[in-house]
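Below: the structure, in structure tokens.
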Amino acid sequence: MSKLQQRLMKELQHNRHVKIVKSNEWCIPIRTVEVTYEPIRRATMDVLMKMLLMSMQEADFQNAQELSELLLVDPLFIEDLVSLMARVRLIEQREGCYRLTAKGEQQLERGIFEEELDVKTANLLFSPCHHVFLPIGEDSIEEYDELPQPYRYVDKEAEQLEQFEETMMIAALQQENDESTTAHTHIETIVKTEAKQINDIPCLEFILHDKEQDIVYARVWNTLLNQWDNTLEQQLSDKEQLRWRQEYL
């Protein structure tokens, strides 16, 4: 940590008008939240599926062979597609014939095929200090032998929060999916959430005085994100600007 601190101090003082008047270390809490969700594979409906659904709307068909003879398509293709459409509840058998379900009617009208996939579980990282789920995986958290004191402006209420806003979780999961190889996968339903452990993440705080502009401001390095943290910097500025001016100007 000391090497990192030295590197950051050198970077900050690259401007000869800037002086570090104070430095500090503290930890922010990061909550692991286990989320169970139902993903959906969504894609443009292919031509053969459209033809099958439209045919079932217009006439009575009792089996895949009859559809194969009408559309002049190999029966094996028809059987596989009919089996898929029945499994995802686009069609059903009523009075001995294939009929579109309400879901099938809706997807045919939109031209979009949606398939519900197996339920999945993922771990998200929630920061009470940022009030967001961080776009980073749990494997990025490092273990430290010693940790500095807690951040002095931790939102205690958010830190204990066990019910997280569903739209925030869906957005975080969707971003994670979009960055993976799971193309055309969408998340619309959260099955359950469970708050797990809280991890302490060290941050390095620097209070700077710009002599040219005669201002005091904070820079904060977030070791989990491995970058300067604008949110924490703004929090410190909002809460301590008056004290800084009295103490350093």
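The values are calculated or read from the model by the stated rules, or taken from the named source; none is laboratory data. Remember, it's a predicted structure, so these values are computed and weren't measured experimentally. No Cβ is skipped: glycine too gets one built from the backbone with ideal geometry, and neighbour counts run over all protein chains shown. Areas reflect the complete protein model, heavy atoms only, side chains present, ligands, DNA and RNA absent. Shrake-Rupley method; radii C 1.70, N 1.55, O 1.52, S 1.80 Å.
For TRP26, the residues whose modelled amide H falls within less than 5 Å of its own, excluding neighbours fewer than 5 places apart on the same chain, are CYS203, GLU205. The charge dipole of the chain, taken about the Cα centre with unit charges on the Cβ atoms of Lys, Arg (+1) and Asp, Glu (-1), comes to about 1200 debye, rounded to the nearest 20. Principal semi-axes of the equivalent ellipsoid, √(5λ) from the alpha carbon gyration tensor of the chain, are 59, 18, 15 Å from largest down.
For a quick check of your reading of the filter: which GluC sites (Glu not before Pro) in the range 191-236 sit in a DSSP loop and have no more than 12 other Cβ atoms within 10 Å? Sparse-neighbourhood loop GluC sites (Glu not before Pro): GLU212. Accessible area ranking (1.4 Å probe, heavy atoms, ligands and nucleic acids excluded), largest first, for MET54, MET168: MET54, MET168.
Rolled with a 1.4 Å probe across the full set of protein chains, the surface gives ARG41 an accessible area near 110 Å². Relative protection proxy for 66-75, 140-149, from highest mean packing down: 66-75, 140-149 (other beta-carbon atoms within 10 angstrom). Could you work out how far helix 230-248 tilts from the main Cα principal axis of the chain, as a 0 to 90 degree angle to the nearest 10? Tilt relative to the chain: about 20 degrees. Out of every Cα-Cα pair that the range 53-195 contains, those further apart than 19 angstrom amount to 67 percent. Would you work out which of VAL18, PRO29, TYR98 lies farthest towards the positive end of the dipole of the chain? Charges go on Cβ: Lys and Arg +1, Asp and Glu -1. Highest projection toward the positive end goes to VAL18.
With R₀ fixed at 41 Å, the C-beta to C-beta distance from LEU76 to MET1 puts the FRET efficiency at about 0.05.
From helices alone, the chain scores -11000 deg cm²/dmol at 222 nm; the rule is -39500 (n - 2.57) for each run of n ≥ 4 DSSP H residues, then divide by the residue total. Toward the positive end of the charge dipole of the range 88-221, with +1 on the Cβ of Lys and Arg and -1 on the Cβ of Asp and Glu, the farthest Cα among PHE206, TYR153, THR121 is that of THR121. So, in Å, what gap is there between the alpha-carbon centers of the range 170-235 and the range 108-149? Between the Cα centre of the range 170-235 and that of the range 108-149, the gap is 12 Å. Backbone phi angles across the range 100-105, fed through the Karplus curve with coefficients 6.51, -1.76 and 1.60 (θ = phi - 60°), yield HN-Hα couplings of 6, 7, 4, 5, x, 4 Hz in residue order; Gly and Pro are listed as x. A Cβ-based charge dipole, computed about the Cα centre of the range 4-86 with Lys and Arg at +1 and Asp and Glu at -1, lands at about 1720 debye.
Helix 166-178 and the longest principal axis of the Cα set of the chain meet at an angle near 80°. Multiplying the residue separation of ARG243 and LYS192 by 0.36 nm and subtracting their alpha-carbon distance yields 13.9 nm.
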